[in-house]
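For reference, the structure discussed in these notes is given below.
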Amino acid sequence: MSPRGAVRRVVSLVPSLTEAVAACAPELLVGATDWCSHPAGLDVTRVGGTKNPDTDRITALAPDLVIANEEENRPQDLGVLRAAGLDVLVTEIRTLDQALRELARVLVRGCGLPRPDWLDDAEAAWRELPAGPAELTAVVPVWRRPWMVLGRDTFAGDLLARLGVRNLYAGHTDRYPRIPIQELNTRGADLVVLPDEPYRFTAQDGPEAFPGLPAALVSGRHLTWYGPSLVAAPDVLAAVVAGAR
């Protein structure tokens, strides 16, 4: 992909990427999803959800670039936008290394921006990880009703592995297996990791389903978002996991 010239109007269909662009050049953003919550007070046209964007509204905004993700957004919606003549950049992010590369691709090659300092800071933060406990094994639910857990090949699973937390279901054939709670295997698990998104697990909603296991209630933004939050993520996540022991 060659660098895009004169990108002045960007629509983001991914909360993480919205925050990444806003941290560098907020004036470029003209549209974002209803779920794009960072930065606070972001004043752009809202274009629906990640899974059900209003493609007519996006087209009417006449963006120079639409940024998306192969996991967050549906191919059929992106196809409609392309058919309308819009330039759509689709990221694939399943590991930290991939996230760092794709962020550079979106910001530098896609939007024509200088490489941001926070991206270098994120690389350094994950290169110089805080000392943690010996390796732990965890079950990591991401949804309830029905129960879903992290399986193989996920960005969040890669972050946890780098912090010494092995995902009990990392070898599952599915990336996000649906497993009824009565069938969920916790044998060999040292703790359960409960993020506050996409499902909002809390101290009152989640830990009670795993009696006898310590619960680490973690920030979903630090576990699942790829953007400026990656700078603080290793310290934030490591502290919560250590506190749950």
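The values are calculated or read from the model by the stated rules, or taken from the named source; none is laboratory data. Note that this is a predicted model, so its numbers are computed, not measured. Cβ atoms come from the backbone with ideal geometry, glycine included; neighbour counts cover every protein chain shown.
A few remarks follow.
- Taking the conditions (1) closer than 25 Å to E70 by Cα; (2) free of Cβ contacts under 8 Å to residues at least 60 places away in the same chain; (3) hydroxyl-bearing (S, T, Y) in turn, T137 satisfies each one other than (1).
- Among the residues of the range 226-245, those that are under 13 Å from the mean Cα position of the chain (by Cα), part of a helix (DSSP H, G or I) and not aliphatic (A, V, I, L, M) comprise P228, S229.
- Selection count, the range 117-132, where residues are of a type outside the set (G, A, S), in contact (Cβ under 8 Å) with a residue 60 or more places away in the chain and assigned to a loop (DSSP other than H, G, I, E, B): 2
- Pairs, first part of a helix (DSSP H, G or I) in the range 28-40, second buried (at least 22 other Cβ atoms within 10 Å of the Cβ), C-beta under 7 Å, six or more apart: L28/V10; L28/V21; L28/C111
- Tallying residues that are out of contact with any Cys (no Cβ under 7 Å at 6 or more places or on another chain) and assigned to a loop (DSSP other than H, G, I, E, B) within the range 41-56 yields 9.
- The listed residue being under 30 Å from D121 (Cα atoms), at pLDDT below 95 and in contact with a strand residue (DSSP E or B) (Cβ under 9 Å, 6 or more places away or on another chain), out of L65, L42, L89, L29: L42
- Tally, over the range 106-116, of residues that are in a helix (DSSP H, G or I) and more than 20 Å from the chain's Cα centre (by Cα): 1
- Looking across L194, L223, L213, one residue alone is in contact (Cβ under 8 Å) with a residue 40 or more places away in the chain, outside any strand (DSSP E or B), within 15 Å of G243 (Cα to Cα) and outside the structural domain of S37 (by TED's automatic domain parsing). It is L213.
- Filter result for Q98 (among the polar types (S, T, N, Q), at pLDDT 95 or above and part of a helix (DSSP H, G or I)): yes
- Residue in the range 181-189 that is surrounded by fewer than 17 Cβ atoms within 10 Å (Cβ to Cβ), in contact with a helix residue (DSSP H, G or I) (Cβ under 9 Å, 6 or more places away or on another chain) and on the phi < 0 side of the Ramachandran plot present: yes
- Complete set of residues in the range 93-119 that are charged (D, E, K, R), touching a helix residue (DSSP H, G or I) at 6+ places or on another chain (Cβ under 7 Å) and surrounded by 16 or more Cβ atoms within 10 Å (Cβ to Cβ): R94
- The set of residues in the range 135-167 that are part of a loop (DSSP other than H, G, I, E, B) and either among the basic types (K, R) or within 23 Å of A99 (Cα to Cα) (or both) comprises V140, R144, R145, L150, G151, R152, D153, T154, L163, G164.
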